[in-house]
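Here the structure comes first, spelled out in structure tokens, and everything after it is commentary.
The values are calculated or read from the model by the stated rules, or taken from the named source; none is laboratory data. On a predicted model such as this, the values are computed, not experimentally measured, just so you know. Methodologically, a virtual Cβ is constructed for each residue, glycine included, from the backbone with ideal geometry; neighbour enumeration extends over all protein chains shown. In case anyone asks, the SASA skips ligands and DNA or RNA and just uses the protein heavy atoms, side chains included. Shrake-Rupley method; radii C 1.70, N 1.55, O 1.52, S 1.80 Å.
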Amino acid sequence: MRKPLFLSVFIASCFVVTAAQVKMAYVDSQVILRELPEAQKAQKELDEVFKGWNDELEKMGKDLQLGLEDYQKKKDLMKPDAKDAEEKRLTDLQVRARQYQADKFDPRTGEAVQAREKKLTPIREKVLRSIEMVAKEDGFTFVFDKAGDNLLLFADAKFDLTYKVIDRLKRGAAVPKSTK
């Protein structure tokens, strides 16, 4: 939904600025990050941390699997109390493994997301500043990203209609109804 709205706003802004010359360009942020030495170093460090977490998770899984196999072999010979205790131990192992996986790799709140943001945010900000500098030096009005969700990386502030739209809305100016 976000992309069509952005494109509609962008197309509308292009019509507004027809009198001015608009220069557009694009970059591929994935290529920039892949080629930038400090981003490579940060990614390598992250990969090492993530590998350690994956190894620990794999070890937990193997321990659980071995425990289940051992339990399956011995359960018929076990006393009810020992059987219950072993089932509880295996259940606890499974719960700990799931919790560990969630703590480390949850896509919204996991440590992996936090570590990635901590390492890569300063690098992304540096890349954005460089894009802005190059765009201004070369006279580009808009710079888009060929990769990722952030379509617009730079826009000349003189083409920002945000506060005019807010002003119109606050003044209650008549807005024509859609012709759909």
>> Given a 1.4 angstrom probe, I'd like the percentage of the accessible area of the range 47-113 that is carbon and sulfur, rounded to a whole number.
In response: 52
>> Given contacts defined as C-alpha pairs under 8 Å and at least six residues apart, what's the relative contact order of the range 11-153, whole-number percent?
In response: 41
>> Testing the spin-label approximation: label points 7 Å from Cα along Cα→Cβ at Leu151 and Leu64. State their distance in nm.
In response: 4.2
>> If I model a spin label at Arg129 and Arg168 as a point 7 Å from the Cα along the Cα→Cβ vector, what separation in nanometres do I get?
In response: 3.6
> Can you list residues whose amide H is under 5 Å from Phe144's amide H, if they're 5+ apart or on another chain and H is modeled 1.01 Å from N?
Replying inline: Ala25, Tyr26, Val27, Leu153
